[in-house]
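K.L.:
Pasting a structure here, questions to come.
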Amino acid sequence: SGKAETGRVTLLLGPAERGLRETFEGAVQENKARMVHSPRMEALASLLGHARLYVGHDSGVTHLAAMLGAPTVALFRDTDSRVWGPLGPRVQVISGKRARGTLVQATVRAAKELERTAQRGPVDGTA
């Protein structure tokens, strides 16, 4: 159906991640998450439109999530987020090269900030 389930984590994989499917299967099963690979556009829009949080790298799907109003944490490593960052009412951007632990911490902080601001209304711009 494409409609997101409340509180359930959905791992969205595109064609470029086809080889990573096996890498994530154990964690997906262990956490009762689900994995969706290359959904049709209607299903993708529905998933993103119902998402309570979207975390993704600099990609078209991240831009679509932001434009659909999903609280979005966008990860930028090599491209300039000031030029290429997603637009939308609830977007936090994490830019630059970071160690894995630092990136995870920054992502969690950004997600919590989006959650806090969702209670007050939309935020503008990026972090």
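K.L.:
If you scan the stretch 21-67, which residues turn out to be closer than 21 Å to Val108 by Cα and basic (Lys, Arg)?
P.N.:
Lys32, Arg34, Arg52
K.L.:
Tell me, which residue of the stretch 78-101 that is of a type in the set (Gly, Ala, Ser) and more than 25 Å from Arg52 (Cβ to Cβ) is least open to solvent (accessible area, probe 1.4 Å)?
P.N.:
Our first condition is that a residue be of a type in the set (Gly, Ala, Ser); within the stretch 78-101, this holds for 81, 85, 88, 95-96, 99, 101.
Checking which are more than 25 Å from Arg52 (Cβ to Cβ) leaves us with 96, 99.
Numbers: Gly96: 35, Ala99: 63 Å².
Taking the candidates together, the pick is Gly96.
K.L.:
Just wondering, is there one or more residues in the stretch 103-111 that are of a type in the set (D, E, K, R) and open to solvent by 80 Å² or more (accessible area, probe 1.4 Å)?
P.N.:
yes
K.L.:
Residues that are more than 14 Å from the chain's Cα centre (by Cα): list the strands (runs of 3 or more DSSP E) wholly contained in the stretch 21-127 that include at least 2 such residues.
P.N.:
Values: elements: 34-37, 54-57, 72-76, 91-95.
Because the criterion is at least 2 residues that are more than 14 Å from the chain's Cα centre (by Cα), the strands (runs of 3 or more DSSP E) in the stretch 21-127 that meet it are 34-37.
K.L.:
Ala43 - would you say it is over 26 Å from Thr117 (Cα atoms) and open to solvent by 50 Å² or more (accessible area, probe 1.4 Å)?
P.N.:
no
K.L.:
Can you tell me which residues in the stretch 1-16 are in contact with a strand residue (DSSP E or B) (Cβ under 7 Å, 6 or more places away or on another chain) and at pLDDT below 75?
P.N.:
Matches in the stretch 1-16: Ala4 only.
K.L.:
For the condition touching a helix residue (DSSP H, G or I) at 6+ places or on another chain (Cβ under 8 Å), open to solvent by 60 Å² or more (accessible area, probe 1.4 Å) and closer than 23 Å to Thr117 by Cβ, what is the one hit in Leu53, Leu48, Leu75, Leu64?
P.N.:
Residue meeting the stated conditions: Leu53.
The values are calculated or read from the model by the stated rules, or taken from the named source; none is laboratory data. Note that the structure is a prediction, hence the values are computed from the model and not measured. Cβ sites come from the backbone with ideal geometry, for glycine too, and all protein chains shown count toward neighbours. Side chains are part of the model used for accessible areas, which takes the heavy atoms of the whole protein and leaves out ligands, DNA and RNA. Shrake-Rupley method; radii C 1.70, N 1.55, O 1.52, S 1.80 Å.
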